[in-house]
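Data first, discussion second: the structure below is written as structure tokens.
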Amino acid sequence: MTGRLLLCSPQDQTPKHTHAIASLASGRELRFVDPRRFGRLSVAIDESFAGPGTEPLTIGADDFAELFRGRKTPIKAALLNQKLLHGVGNIYADESLFRAGIRPRRQAGRLTRAELDRLHVAVKQVLEEAIKLGGSSVSDYVDAEGREGFFQLQHRVYLRTGQPCLVCKTPIKRIVLGGRGSHYCERCQR
Ligand SMILES: [Zn+2]
């Protein structure tokens, strides 16, 4: 008659005295069965579950700049690296780099502090706009696969290959970086 934790499939019959069911990422269920109700269930939120990356909306300018120090990868790839920043997907990276006036191929560790400050502001602006357009919380910028959600940012460069830049009318270029299409204006971005 002691309480038990059972790992089950959702279609398994739910035994009597099941007091809690947790759905696991694997699709299975963790069920707490406690006929005599002596058990106690507590939930501990471990912040490390969020992974090692930093939250782009709350990071300070110094910490933001520090993320990219010494990195030899293109800045576009560094922005997409979820171990550095959470939730910056392909669209938001392209749009942020355009607003900051930085070419996606630039080596992250070689950007000046002024450029990194502009990029920091741009990333925050882009994400805040995206959230305002329909994401209910910061976790909505991308889904688990890293794809952007249902809300449509006003794209200035993303998927506008060959179309005139909204600022200078130069046709938008597309290159592939780390397997991802990257869109930029070669005049506005240096
Ligand atoms: Zn331009």
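The values are calculated or read from the model by the stated rules, or taken from the named source; none is laboratory data. Just so it is clear, the structure is predicted and the values come from calculations on it, not from any experiment. Virtual Cβ from ideal backbone geometry, glycine too; neighbours counted across all protein chains shown. We work out accessible area using only protein heavy atoms, side chains counted, and drop any ligands, DNA or RNA first. Shrake-Rupley method; radii C 1.70, N 1.55, O 1.52, S 1.80 Å.
Per-structure values
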{"quantity": "Residues that are away from the ligand (no atom under 11 Å from the Cβ) and either within 21 Å of residue 130 (Cβ to Cβ) or part of a strand (DSSP E or B) (or both), drawn from segment 171-190", "calculated": "174, 175, 176, 177, 180, 181, 182, 183"}
{"quantity": "Matching residues, segment 103-138, being closer than 13 Å to residue 77 by Cα and open to solvent by less than 10 Å² (accessible area, probe 1.4 Å)", "calculated": "104, 108"}
{"quantity": "Segment 154-170: number of residues that are open to solvent by less than 80 Å² (accessible area, probe 1.4 Å) and either under 9 Å from residue 188 (Cβ atoms) or within 9 Å of the ligand (Cβ to nearest atom) (or both)", "calculated": "5"}
{"quantity": "Qualifying positions in segment 17-70 - within 29 Å of residue 88 (Cα to Cα), among the hydroxyl-bearing types (Ser, Thr, Tyr), at pLDDT below 85 and in a loop (DSSP other than H, G, I, E, B)", "calculated": "26"}
{"quantity": "Residue in segment 71-94 that is modelled with pLDDT of 90 or more, surrounded by fewer than 14 Cβ atoms within 10 Å (Cβ to Cβ) and not in a helix (DSSP H, G or I) present", "calculated": "yes"}
